[in-house]
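The values are calculated or read from the model by the stated rules, or taken from the named source; none is laboratory data. Everything numeric here is computed off the predicted structure, so don't read it as measured data. Methodologically, a virtual Cβ is constructed for each residue, glycine included, from the backbone with ideal geometry; neighbour enumeration extends over all protein chains shown.
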Amino acid sequence: MGLIKKIRGEFIDIIQWLDDSPDTLLYRFERYENEIKYGAKLVVRESQVAVFVNEGKIADVFSPGTYTLETQNMPILTTLKGWKYGFHSPFKAETYFANTRQYTDRKWGTSNPIMMRDPEFGPIRLRAFGNYALRVKDPADLIRQVAGTDSRFSTDEITEQLKNIIITRFSDLLAESAIPAFDLATQYDELSALVHKKIAAEFEEYGIELTKFLVENISFPPEVEEAIDKRSSMGVIGNLDRYMQYQSANAMESAAENPGGTAGEGIGLGMGFAMANQMVKGFPQQMGGGSQEMPPPVPGETKVYLAIKGERQGPFNSADLQAKIASGELTKETLVWKSGMENWRKAGEVPEVARMFTVEPPPIPEPEPQD
């Protein structure tokens, strides 16, 4: 086989690489004992760079184009070989082709949730994923740092290392940003730009350029998403008492439209009583702005409720009301309510309260003239 390769190499005077793989970053062109003939043609296509390596050292680098391999085209190799007056054919050198096109849609994602402290939820776990694009920027650094003498170096051989860099830097930046979890969806562009800037230099250490970085999604754990959905549902429903009244009214209307004999009438009456009970309970609360049920009046002295600054306060007895009047909190215009009243009324219109206000004394009579 060695002889066949040698004979084949004597007839091959064109060095080129036709890449048909989707993930090869670097390819070593195979020649018998790495021999290259004088005057051989080197063809470097667009999105390629050719690198000559002499005795383990990076020599000349060729950009896209066609070259005749002579001393004037290989200044570094000529110096390394000591070709002062031309070189002898053949000479030995390793030829590497680097693919400089962009490799797009490279996936990244957190294998474990990111722990962070959220101002609203407290300690929380988040997952994130997205994609990025890369290309070979410096083939010489790629050979020195990671590829070495690998005859075919692919993206799979460096993907894990790049993903580790991304996840580590992204997790750190996300925690430092202190962006509330609910607001992260509005900051994907900003986070993408910050992470790109933070990790670009580390990619370049391997001779690789990070051309694009995107955060596609940051999500809560499933159990947290369920809790948020429930909370959102309660917000949509709003006032639970009113919702129950609405549901009861609908049920009563349906029973009235579709009577089912005695059973249907019983269901309709039951729904009616239930709705009436809810309305009776909710009516005073809505008027007073409170959320607790109205307590029954204490036997004996009448207890009075006050509406102060839009809030229900009380109940108050006579002594409490006198103190409120003295402090100015209770005036004749203050709305009051007591058991037996249908609605709130001004304090000056309720006899039990109105009499507590100080009545202006009559004018002092003039002294009678003395005889």
Residue in the stretch 159-198 that is nearest to the chain's Cα centre (by Cα), counting only those that are on the phi < 0 side of the Ramachandran plot and not in a helix (DSSP H, G or I): GLN187
Residue in the stretch 81-103 that is modelled with the lowest pLDDT, counting only those that are among the hydroxyl-bearing types (Ser, Thr, Tyr) and surrounded by 15 or more Cβ atoms within 10 Å (Cβ to Cβ): THR95
Selection from the stretch 103-120 of residues that are polar (S, T, N, Q) and not in a strand (DSSP E or B): THR110, SER111, ASN112
Selection count where residues are without any contact (Cβ under 8 Å) to a residue 24 or more places away in the chain and not aliphatic (A, V, I, L, M), scope the stretch 190-228: 7
Any hit, the stretch 42-55, residues being in a loop (DSSP other than H, G, I, E, B) and in contact with a helix residue (DSSP H, G or I) (Cβ under 7 Å, 6 or more places away or on another chain): no
Qualifying positions in the stretch 130-160 - closer than 28 Å to GLU190 by Cβ and without any contact (Cβ under 8 Å) to a residue 40 or more places away in the chain: GLU160
Given (1) part of a helix (DSSP H, G or I); (2) at pLDDT below 80; (3) farther than 23 Å from PRO113 by Cα, index of the condition ILE228 fails: (3)
Pairs where the first residue, in the stretch 307-335, is closer than 18 Å to GLY348 by Cβ and assigned by TED's automatic domain parsing to the domain that holds GLU349 and the second is surrounded by fewer than 16 Cβ atoms within 10 Å (Cβ to Cβ) and aromatic (Phe, Trp, Tyr), C-beta under 7 Å, 6+ apart: ILE325/PHE357; LYS332/PHE357
When residues of the stretch 188-218 are limited to those that are surrounded by fewer than 17 Cβ atoms within 10 Å (Cβ to Cβ) and among the polar types (S, T, N, Q), the one nearest to ARG106 (Cα to Cα): THR211
Strands (runs of 3 or more DSSP E) contained in the stretch 268-371 and holding at least 3 residues modelled with pLDDT under 85, of a type in the set (Phe, Trp, Tyr) and over 46 Å from the mean Cα position of the chain (by Cα): none
Hits in the stretch 104-114 - residues which are in contact (Cβ under 8 Å) with a residue 60 or more places away in the chain, surrounded by fewer than 16 Cβ atoms within 10 Å (Cβ to Cβ) and not hydroxyl-bearing (Ser, Thr, Tyr): PRO113
